[in-house]
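Student: Could you have a look at this structure, given as C-alpha cells, before my questions?
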Amino acid sequence: PIGPTGLTGPAGATGPAGATGAAGPIGPTGLTGPAGATGPAGATGAAGPIGPTGLTGPAGATGPAGANGLDGATGPAGPIGPTGLTGPAGATGSAGPIGATGATGPAGPSWTLTTPTFNANGTYTVNGTAGSGGPVTSTAGAWLTTGNTAIASNYIGTNNAIDFRMFSNNVQRMTISSAGRIGMFNAAPVNYLHMVNPGAVGAAAMANFENTGVDGVSISGYNQSATNPYNAIEGITNYSGSVYISSGVFGLAINASLTHTAIGVRGAANGRDGVGVRGSRQNTGGVIGWGGVFYNDLGYTGFFGAASDEKAKKDIKSISGALGIVNQLNPVTYHFDLERYPNLGLNTEMEYGFIAQEVRKVLPEIVRDKNLDTNACAEVNPNEDQKDESEQFVVMDYTRIIPILTKAIQEQQLMIEELQNRLLELENK
C-alpha cells in the first residue's frame, strides 16, 4: 500500500519568464453578414443661390480673312466745292492805232431844254424851246433829285404817294411801294421785303446769300426786343405728298473731312430754363410721325428724363406675374444687316437685345410699327430734293421692360426668402 503523502514543502522562487513565442497564423475572415435595410431618404435641402458668372475666357484666335467682296457701286458725286478766289486781272493790252477822223456831217437841229416841271402824279415834263426840231415835250415817271428839286444827284424816286416800279424786257421785276415795302416779282408787297417765285426759278434757290469771306454769317434773323414773342426766323413747308421728304428748316454741313466738327443744325439756349432744340408732333399713333428721330449714334450728357409724374397718370395698378413674363422673353445676340441697310445708321458691333416680333407676343404695349428712312445717312447735297425711301419696321421701347424686370426680381427674392426659411426649419429639426 502507498503510504501517506508527505507534507508539501514551501514553494520555490518563481523563475524568470520565458521568451514570448511567435504569433500563430491569422485565421480566415468570417463571412460578411447581409446588408442592412436602407434608411428613408432625407428631405431635399433648398437650392443654394446661383454663384456669380465666371470670368469670360480669352477671345479665340482670329479666323482667316474672308475673300474680298465685290467692289460696291460708285457713290454719288460729292458736292461742288466753293468757287476759288478770282485770279489777278491780266495786263491791259496796248491801245490800237486811232482811226482816221470821219467827215463832219451837216449840223442838226438845236433847241434849249427848260427846267423840268414835276407833275402831281409823280412824273416830270421837259420842254424844248427853240430850234428847227422843237418844241419837244418829254414826260417820264422818275427823276434824279435830292428832294423836290431838279438838281441831278445820286437819287432816283418819286415825290408823292405812288409806287416806284422797275421793269426789264417790258416786265415788272421790282416794286417799291409808297409805304416803303419792296416786292420782288410782286406788284403788291405786304412785307418790307416780299419775294414771289414767278415759276421761273425751278429747283434753284429763290435767294442765295453766298459768303465768300473768311468770317461773318451769310444771313441773320434777330428779334432785338426783349418783349417780342415772335420767332426770329421761320421755315415752313406745306408739302403734303409722299414722294419726297420736305423740311421746314434744313441744315447741312458739307465739309467732307472725316474729322470736321461742323454741325448741320444747332440750337442753344443761354438761359437756365431755355430749350436748345425742341421737337414735337401734334398727334399720336401712326407709322410715319416722330416727335424726334435720330439716325446713327445718339449721345447726351446730363439728365435724361421721361414724363413720370403721378398727376399725369390714371388706372395705376401693381405689376403681377412679372417673373412669368420675363421667362417668356428671349434675350439674344445679333448683328444688324449692314449689307441690306447700309444707310440706316445701324450699329456695326454685336448687339444684345430682343426680337421685336417675339416681344410683341408677350408685351404688345411696348412695340410699334414705324417708318424709318433707309437712306437717311447717305450723302446730301445742297439745293436737292430728297426722295422718301422709308420702310416700315417693328420697333420697341427697351426702357419699358425695366419696371417688369424690377418686379420680377422682387418676386424672385420672396421665393428665395421662403426657401431659406424652410431650410432653416429642416436644419433645426
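The values are calculated or read from the model by the stated rules, or taken from the named source; none is laboratory data. Keep in mind that what you see is a predicted model, and the values were worked out from it rather than measured. So basically every Cβ, Gly included, is an ideal-geometry build from the backbone, and we count neighbours across all protein chains shown. The area values use the complete protein model at the heavy-atom level, side chains included, leaving out ligands, DNA and RNA. Shrake-Rupley method; radii C 1.70, N 1.55, O 1.52, S 1.80 Å.
Student: Could you give every pair whose Cβ atoms fall below 8 Å, whose first residue belongs to the range 165-176 and is under 17 Å from ASN197 (Cα atoms) and polar (S, T, N, Q), and whose second residue is outside any strand (DSSP E or B) and open to solvent by less than 60 Å² (accessible area, probe 1.4 Å), counting only separations of at least 6 or pairs across chains?
Tutor: GLN172/ALA187; THR175/ASP163; THR175/ASN186; THR175/ALA187; THR175/PRO189
Student: Related question: Can GLN392 be described as open to solvent by 60 Å² or more (accessible area, probe 1.4 Å), in contact (Cβ under 8 Å) with a residue 40 or more places away in the chain and not small (Gly, Ala, Ser)? Full working, then the answer.
Tutor: Working: open to solvent by 60 Å² or more (accessible area, probe 1.4 Å): yes; in contact (Cβ under 8 Å) with a residue 40 or more places away in the chain: yes; not small (Gly, Ala, Ser): yes.
When the stated conditions are applied, GLN392 passes them.
Student: Given the conditions (1) of a type outside the set (Gly, Ala, Ser); (2) open to solvent by less than 100 Å² (accessible area, probe 1.4 Å); (3) in a loop (DSSP other than H, G, I, E, B), which single one is not true for ILE288?
Tutor: Only one criterion is unmet by ILE288, namely (2).
Student: Which of the residues belonging to the range 213-245 are in contact (Cβ under 8 Å) with a residue 60 or more places away in the chain and either surrounded by 10 or more Cβ atoms within 10 Å (Cβ to Cβ) or in contact with a Phe, Trp or Tyr (Cβ under 6 Å, 6 or more places away or on another chain) (or both)? I'd like the intermediate steps shown before the answer.
Tutor: Keep residues of the range 213-245 that are in contact (Cβ under 8 Å) with a residue 60 or more places away in the chain, which gives 242-245.
Answer for the range 213-245, where residues must be in contact (Cβ under 8 Å) with a residue 60 or more places away in the chain and either surrounded by 10 or more Cβ atoms within 10 Å (Cβ to Cβ) or in contact with a Phe, Trp or Tyr (Cβ under 6 Å, 6 or more places away or on another chain) (or both): TYR244, ILE245.
Student: Could you tell me which residue of the range 327-361 is most open to solvent (accessible area, probe 1.4 Å), considering only residues that are among the hydroxyl-bearing types (Ser, Thr, Tyr) and within 20 Å of ASN296 (Cβ to Cβ)? Write out each step before concluding.
Tutor: The first filter runs over the range 327-361 and keeps only residues among the hydroxyl-bearing types (Ser, Thr, Tyr), leaving 333-334, 341, 348, 352.
Keeping just the survivors that are within 20 Å of ASN296 (Cβ to Cβ) gives 334, 341, 348, 352.
On the way: TYR334: 53, TYR341: 31, THR348: 91, TYR352: 161 Å².
The selected residue is TYR352.
Student: Go over the candidates PRO382, PRO364 one by one and state the one that is open to solvent by less than 90 Å² (accessible area, probe 1.4 Å), in contact with a Pro (Cβ under 9 Å, 6 or more places away or on another chain) and over 20 Å from PHE294 (Cβ atoms).
Tutor: Working: PRO364 fails: in contact with a Pro (Cβ under 9 Å, 6 or more places away or on another chain).
On inspection, the qualifying residue turns out to be PRO382.
Student: Considering only residues that are open to solvent by 60 Å² or more (accessible area, probe 1.4 Å) and of a type outside the set (Val, Ile, Thr), which ones fall in the range 167-183? Even if it seems obvious, please write down each step before you answer.
Tutor: Filtering the range 167-183 down to residues open to solvent by 60 Å² or more (accessible area, probe 1.4 Å) leaves 167, 169-171, 173, 178-179, 181.
Result: PHE167, ASN169, ASN170, ARG173, SER178, ALA179, ARG181.
Student: Select from the range 401-429 the residues that are in contact (Cβ under 8 Å) with a residue 12 or more places away in the chain and more than 30 Å from PRO331 (Cβ to Cβ) and write down the one among them that is surrounded by the most Cβ atoms within 10 Å (Cβ to Cβ).
Tutor: In this case the residue turns out to be LEU423.
Student: Continuing with the same structure: Does ARG281 fit the bill of being in contact with a Gly (Cβ under 7 Å, 6 or more places away or on another chain), more than 17 Å from ALA376 (Cβ to Cβ) and of a type in the set (D, E, K, R)?
Tutor: Values: in contact with a Gly (Cβ under 7 Å, 6 or more places away or on another chain): yes; more than 17 Å from ALA376 (Cβ to Cβ): yes; of a type in the set (D, E, K, R): yes.
Yes.
Student: I would also like to ask the following. Are any of the residues in the range 308-317 free of Cβ contacts under 8 Å to residues at least 60 places away in the same chain, loosely packed, with under 11 Cβ neighbours inside 10 Å and in contact with a helix residue (DSSP H, G or I) (Cβ under 9 Å, 6 or more places away or on another chain)? Give the derivation first.
Tutor: Going through the range 308-317, the residues free of Cβ contacts under 8 Å to residues at least 60 places away in the same chain turn out to be 308-317.
Now restrict to residues that are loosely packed, with under 11 Cβ neighbours inside 10 Å: 308-317.
Subsequent filtering for residues that are in contact with a helix residue (DSSP H, G or I) (Cβ under 9 Å, 6 or more places away or on another chain) retains 316.
Yes; the residues of the range 308-317 include at least one that is free of Cβ contacts under 8 Å to residues at least 60 places away in the same chain, loosely packed, with under 11 Cβ neighbours inside 10 Å and in contact with a helix residue (DSSP H, G or I) (Cβ under 9 Å, 6 or more places away or on another chain).
Student: With the requirement that a residue be in contact (Cβ under 8 Å) with a residue 24 or more places away in the chain and either over 21 Å from SER218 (Cβ atoms) or not β-branched (Val, Ile, Thr) (or both), what does the range 247-284 give you?
Tutor: Our first condition is that a residue be in contact (Cβ under 8 Å) with a residue 24 or more places away in the chain; within the range 247-284, this holds for 252, 254, 256.
Residues satisfying the conditions are LEU252, ALA256.
Student: Considering only the range 295-307, state which residues are free of Cβ contacts under 8 Å to residues at least 40 places away in the same chain and surrounded by 10 or more Cβ atoms within 10 Å (Cβ to Cβ). Before you say what the answer is, go through the steps one by one.
Tutor: Within the range 295-307, the subset free of Cβ contacts under 8 Å to residues at least 40 places away in the same chain is 298-305, 307.
Selection gives nothing.
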